[in-house]
Amino acid sequence: MKILSAWLREFLPAISADDRQLADDLTLRGIAVEGVFNVDGGSLYEMDITTNRVDAMNHYGIAREAATIYNVALKPLSATLPKAIAAKPYPVKIDAPELCGRFTAQVIRNVKIGQSTGKLAEKFAQLEQKPIFNAVDASNYVLLGMGHPTHAFDLDKLEGGIVVRRANKGEKLKLLDGTERVLEADDLVVADEKKAVALAGVMGGWDTMITAETKNILVEAAWFDQASIRRSSRRHGLHTDASHRFERGADFNAAPLANALVCELILAACGGELHGEMVDVVIAEAAKKTANRAAVSLSVAEVRRHLGATVDGKGIAAEIIEQYLTALGCSLQPTGDGAYAVTLPSWRLDLEREIDLIEEIARVYGYNRFANTFPAFAGAVQELPWEPKHAAVRRKLQALGFNEAVSSTFCSAEEATNFSGGGVPMGNPLSEEAGMLRPSLLPGMITMLEYNLNRDIADVALYESGTVFSGSTAHVSERQMICLGTTGAASATALSSADNALFYEMKGAVELLASIFTHSQLSFTAQSPAWLEPGRGAQVSVDGVAIGWFGQLSGAEAQRRKLKQAVYLCELDLQKLYALPLRQPVSREVSRFPAVERDFSFFFADSIHWEKISGAVASLGIAEMSSPQPIEIFRDAKGKSVPAGEYSLLLRVVFQSPERTLRDEEISTWCGQIVTALTALGGRMRA
Amino acid sequence: MNESIPQLQSYDDAALEQAFSALAAEVRDGAAKLSSAEAQEQFRLDWLGRKQGRLKLVSDAWLKTAPPEARKPLGIRFNQLKQQIEEALSGGNGSTSATATSGALDLTLPGTRRSIGVEHPLVRTTNQIVSVFKAMGYSLAVGPEVETDYYNFESLNFPPNHPARDTQDTLVLASQESKPLRERLLMRTHTSPVQIRTMEQQAPPLRIVIPGKVYRNEAEDATHLARFQQVEGLCVDTNITFSDLKGTLDHAMKALFGSSVKTRFFPSFFPFTEPSADMQISCIFCGGKGCRKCKHSGWIELLGCGMVDPTVFGFVAEKQPAYDPKKISGFAFGMGVERIAMMQYGVSSVGNFYSADMRFLEQFA
Ligand SMILES: [Zn+2]
C-alpha cells in the first residue's frame, strides 16, 4: 500500500519528525514502512500493513498512529456541506439485516461528469491510482484518505428505491469489470426494485455505473458483515479494495462521514446540489456488535504481569496506559484498584479483550524499550528415551561413512504399492509423483541414489531417518524408520567377491546398529519382499522381532528406474530398535597369557553355510577357544583349484586361557576335534 | 674399514658386555664424523652392508654359532647395536640434513583419510539450536506430521475462515470433506500443534523446544520449498513476561551467532500469540554496517515470537486446567531452519538440502 507523507501531515499539524524518522517510528510500532521514496512535496511510503490492522490501511489511520506515538493532536475529520434542497428521503430498505448493518444514501442532482483536476489528480498520480471520472475518483479518494469504501450510482439508472437483500439463486449481475456473474443466495446485493445493482461490498454493477452522461448521483456508504463479504469475494474470485476492507472489519460509524466526504468532493468537482437529507438506516443489532461493544476491563497489574521490565526500570505506568489508549480512540473509566473500563473505538474491531489492549500498550511503547530479562526456572530438562539412542545410531552410521540425507515425505502411488502395498493419498498433492504419504523411506532413498548416479557420482552411501505413514485417510499412523542406501564399485575382499562386497558391507552396518542395543540374538532370514532381489536379501530380526529388511534392490525395480549399477538398501523400524535398552559396554580382563592361533583350510559344498560350520565348531564347547572366524573364502568358476559346487574356507580359531599358558598337547587335541567336526559336515581338509 | 670381527671369548654375560661395548664405542666415533652425504653412505656400508657390513659379520661370527641358551641375550644386544647405527643414520645426532636421507617420504603428498559420513546440514543447524535451548532448561518435544485441523488451527486460535485453512495454502489428505472441520487431516503447517499436545500432557512449568518438518501448498523456488523445517520453543510458568521473551531470545542468538550479535523486535501478527513480534538480528556478515546479504539494512529477519494468546491456554485448559490464563503466562517462538542454515553455510538454493548430492553433502565433513 502506498502512502504520501504530505497527506499524513495534513492531519498532523504539530508533528516535528521528518519523513525518515516518521517511517522508522511507525515501523517500530508495527506499521511497517518497507520503502521510502522522494516525491514532490514529501515522501511516498511503500507500506506493509498486517491483515488485522484494516484501520491503518489509509492515510488518516496511519496519521492516528503517528499522533499516538508522538503524543500530538490529530485533526478531526469532517465534511462541510451546503444545506440540501428539500426532498423526500430516498427510499432504502435493508432486507438482510444480519449481513448489512448500516446503509447511508445521499442524492446529488445536476452534476457535470469530467476528469479530476488539481490536488486530487496530483495525489492520484503520486499514488499511481488510476483516475476515472471525477465523481468516481471522489469515492476512491475518500477510501485512500480515511479508509471507508463508498460507491456512486447513476441515479437515473436506478428503478425505484434501494433494497439490500440476498441474491436470488441464479440471479445475474454484470459488474464494473465487465464480467457477468451468476449469484448464489448467500451473496449480498444492493438492488433496486427490479434488479441487483451491486455485489455488496465487493463491486458495483455495470448498468448503473457513472458515465460521462450521468446527471444525477446516489452516493452509498454502508457497513457489511465481514464473513459474508469474504465468502462472496472468494466465490467470485474478486478481491477489491472494498472487499479487502469489509472482510477485515470496517468502521461501523464511518459510513455517514465517508458519504459526506464523498459528497463534498463531488459538489466541488462536479457541481450540482444535494437533494434531501442523507438517509442512514442503522441495524441496532449490528451496532451492538461493532460501535457499541461493551467496555473491556483492564488492570495496570495485568499489563505489568504480561509485559515485565522496561529498560528505564520503571515498568509500564498508569499514565502511559491512559495516554496511549486515549490517543488510539479508547475512552477509559477508572474502576478502582488500578483498573479501567475501556470503551473500544468503532474502527478497531481487532480489539476485543484485555490482552489486545496490553498488546497495543507494548506496541506503542516500543518493543525495544523493554528490558532483556531471564525467567527463573525450577524444572529440569527431561530427555526423551530415544534421544541418546538416536544420537548413537546416527553417530555410528556417519562413522561408517554414510552421509545423512533428507528426502521427500511424499511418493507416487506406484512406489507406495511397490514398496509397501499401498499408502495414504493426498487430497491436493503438489504433483502426481507426490500423490501419497510415503509408507517407506525406500522410494526416497532410491531417488537420492539415482540422482547421484545420473551425475556420474558412482560411490554413494546415504542414510535417512524419518517418518513413514500408514493407515487410511480416516486415521493415519506415523512411525520412525531409518533407511540405508549404498551403491558403488567395491573390491573383492578375502571373504567376498566384488559382486557381493556391498551386500556384506550393508550387513555389517546392520550388525553395528544392532550392537548399540542390548539383545541376545540378531538373525537374518532368507524370506524377503518383492523389492529385494531373490537370494540377495534378508529379513532382520532382533530377539525374534522382525525389525526390517536389507539387500540388493530387485532387478525389476532397478530396471524401472534405469539404474546404472546395483543398489543395496536397508530399512529398519526405529520404534522396534529403540524398544531395546542401550548396551552398556562391560569390560573383560584381557588375558596376560599367550594366544595361539590355528588355521584350518577345508573344501565345503556350497550348501554348507557358515552358520553350520561355526555352530559345529562352537558346539565342541572348548572354553579356551574364541568363536571361529572365516579368514578367506574362495571359489573357482573354472573348477580348477576348487571343485565346482564347492568353496574353500580358511577358518581361524584362537585358543587362550585367562589363567595359564596352554600346553601343545591340549591344543593338538582341540584341533583334532575341530577337524573331526568339520569333516563330519562333509568338509575335506585341503592338502 | 673392514676390520675383522674379534673372536668371542665366551658367551657369558661379561664377555658379551665387553664385546658389544667395544662395537658401540666404534659406532659412536663413526657417527660423530657424519658431516657429508659421502661420509654417511660410507658409514652405512661399513656397518649395514649386505655382504661385508660389520653387522653381517657379527651375525655370522657370533650369532649363528651361539649355543641355544645364549641366543636370546645375544639377540637383544645385537638389536640394540643395530638400532644405534640406524639412529645415527637417520640424523638422530642432528648432524645430517633431511635431504641427505635416502628413502624419505614426500611430505607434500596429501594425506589419505578413512571416509566418514556427515551430519545433514539442516540436522546440524537444528541440533545447534536445540542444544542452545536445552542449555536453558528446554526439553525436546516432537509430534505428528499429519495433524488434525483442531491441533494445527483451531486450538491455535485461527478463525474458521482464516486463509491458511484453505487448500490453496495447506496440503490436505484425501477424502476429508465428510468429516467435521476440526477432525480433518492435513500436513501440519507449523510445529505449533506440538505446543498444544505437550501442554495437554504436562502441567506448567513447561519449557520445550520442538524441531520438525512442516508443509505448505506453495510454489517452490530458490528460497522456498513446500516442505521445510522449523524449530519452535515454548515457555510457560507463572510470571513469564514479554521482557523474558526478549532476554531469552537475545541470549539464544548470542549463543548461536556470537556474543556481538544484537537483537531487535517489531510488532507482528500471529493468531496464537499476543503481543506478537518479529525478531531481527544484526547482520552476521557485516556486523550491522550494511551489505548485500542484509539488503544494506544491517539487520536480518530471523524469527517470529510472542506471548501465548490466552485463547490458546483456554483450549489447553479443557484438558489440563492448570493452564489458567489468569494465573500463568508464557511465550513461544519459531524459526525456519533452512534460512538459518543457508546463512551459516552460504547455501544459495534451498533445493541443495534435499537433493542428497554427495558433492554437496561432503562439504559438511
Ligand atoms: Zn549485512
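The values are calculated or read from the model by the stated rules, or taken from the named source; none is laboratory data. Quantities reported herein were computed from a predicted structural model and do not represent experimental measurements. Cβ sites come from the backbone with ideal geometry, for glycine too, and all protein chains shown count toward neighbours. Accessible surface areas use protein heavy atoms only, side chains included; no ligands, DNA or RNA. Shrake-Rupley method; radii C 1.70, N 1.55, O 1.52, S 1.80 Å.
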May I ask you to work out the translational diffusion coefficient for segment A:296-369 at 4 °C, viscosity 1.567 mPa s, via Stokes-Einstein with Rh from the Kirkwood sum over Cα pairs, reported in whole µm²/s?
105
At 1.4 Å probe radius, can you tell me the per residue accessible area of chain B in Å²?
47
Measure off 7 Å from each Cα along the Cα-to-Cβ vector at A:Glu159 and B:Arg28, then give the distance between these two points in nanometres to one decimal.
13.1
When the distances between all Cα atoms of segment A:587-644 are binned every 10 Å from zero, what whole-number percent does each bin get?
16, 41, 27, 12, 3
Taking Cα centroids, how far is segment A:624-678 from segment A:217-261 in Å?
92
For segment A:571-631 the trypsin sites (Lys or Arg not before Pro) that pass both the DSSP coil test and the at-most-11 other-Cβ-within-10 Å test are A:Arg588, A:Arg592
Count charges around A:Gly435 for me, please; just the other residues with Cβ under 14 Å from its Cβ, Lys/Arg as +1, Asp/Glu as -1.
-3
Take the solvent-accessible surface of the protein heavy atoms, probe 1.4 Å, and return the percent of it on the protein assembly as shown that carbon and sulfur atoms account for.
52
Normalise the Cα radius of gyration of chain A by 2.2 N^0.38 Å (N = residues in it) and let me know the number.
1.56
Taking only Cα atoms, what is the 0 to 90° angle, nearest 10, from helix A:254-270's long axis to the longest principal axis of chain A?
60
Which longest uninterrupted range of chain A lacks any GluC sites (Glu not before Pro) assigned by DSSP to a loop state (not H, G, I, E or B) and surrounded by at most 14 other Cβ atoms within 10 Å?
A:384-588
Prolate/oblate/rounded label for segment A:596-685 (Cα gyration tensor, a/c 1.5)
prolate
Mind listing which chymotrypsin sites (Phe, Trp or Tyr not before Pro) in segment A:463-562 are in a DSSP loop and have 14 or fewer other Cβ atoms within 10 Å?
none
Using 1/(1 + (r/R0)^6) with R0 = 22 angstrom and r between the beta carbons of A:Lys172 and A:Arg234, what's the FRET efficiency to the nearest 0.05?
0.70
Once all Cα-Cα distances of segment A:210-280 are split into 5 Å bins that start at 0, what whole-number percent is in each one?
3, 14, 21, 18, 15, 16, 10, 2
If you rank A:Trp386, A:Trp670 by how much accessible surface each has, with a 1.4 Å probe, what is the order from largest down?
A:Trp386, A:Trp670
Compute the projected area of the convex hull of the Cα atoms of segment A:153-292, averaged over all viewing directions, and report it in nm² to one decimal place.
8.6
Here, chymotrypsin sites (Phe, Trp or Tyr not before Pro) of segment B:199-249 satisfying both criteria (DSSP loop; at most 13 other Cβ within 10 Å) are none
For B:Ser178, put the label point 7 Å out on the Cα→Cβ axis and report which residues of segment A:473-505 keep their amide N under 20 Å from it.
A:473-477
Once B:Arg227, A:Arg479 are ranked on solvent-accessible area with the largest value leading and a 1.4 Å probe, the list reads A:Arg479, B:Arg227
Buried by at least 20 Å² relative to the chain on its own: which residues of segment B:151-187 qualify, computing accessible area with a 1.4 Å probe on protein heavy atoms?
B:Asn161, B:Pro163, B:Asp166, B:Leu171, B:Val172, B:Leu173, B:Ala174, B:Lys179, B:Leu185, B:Met187
With viscosity set to 1.306 mPa s at 10 °C, what whole-number translational diffusion coefficient in µm²/s follows for segment B:121-364 from Stokes-Einstein and a Kirkwood radius over Cα pairs?
84
Under 4.7 Å Cβ to Cβ, no partner at all: give me those cysteines from the protein assembly as shown, in residue order.
A:Cys100, A:Cys263, A:Cys270, A:Cys330, A:Cys411, A:Cys483, A:Cys570, A:Cys671, B:Cys235, B:Cys305
Based on the Cα atoms of segment B:33-76, what semi-axes does the equivalent ellipsoid have, where each is the square root of 5 times one gyration tensor eigenvalue, given in whole Å with the largest first?
28, 10, 5
Quick one: Debye curve from the C-alpha atoms of segment B:13-101, no solvent, what's log10 I(q)/I(0) at q = 0.19 Å⁻¹?
-0.85
Using only atoms on other chains, find how many Cβ atoms lie within 10 Å of each Cβ of peptide B:207-217 and report the average.
2
Report the rotationally averaged projected area of segment B:199-282 based on its alpha-carbon convex hull, in square nanometres.
7.5
List the relative contact order of chain B as a percent without decimals, with contacts defined as Cα pairs under 8 Å and 6+ residues apart.
14
Reachable lysines from B:Lys326, Cα under 29 Å, same-chain residues fewer than 8 places away excluded?
A:Lys288, A:Lys289, A:Lys314, B:Lys134, B:Lys246
Order of A:453-462, B:198-207 by packing, highest average Cβ count within 10 Å first?
B:198-207, A:453-462
Let me know the volume per residue of the alpha-carbon convex hull for segment B:108-256, in Å³.
193
Rolling a 1.4 Å sphere over the protein heavy atoms, what is the accessible area per residue of segment A:500-567, to the nearest Å²?
46
Under the definition of partner shielding as Cβ atoms of other protein chains within 10 Å of a residue Cβ, what is the mean value for peptide B:269-275?
5
From the Cα centre of segment B:303-365 to that of segment A:303-351, the distance in Å is 32
Hey, what's the per residue convex hull volume over the C-alpha atoms of segment A:2-70, in cubic angstrom?
74
Using the heavy atoms of the protein chains and a 1.4 angstrom probe, tell me the accessible area per residue for segment A:2-70 in square angstrom.
36
On alpha carbon coordinates alone, what is the Rg over Rh value for segment A:387-578, Rh being the Kirkwood radius?
0.95
Asked for the total accessible area buried by A and B (1.4 Å probe, Å², nearest 100), one would answer 6300
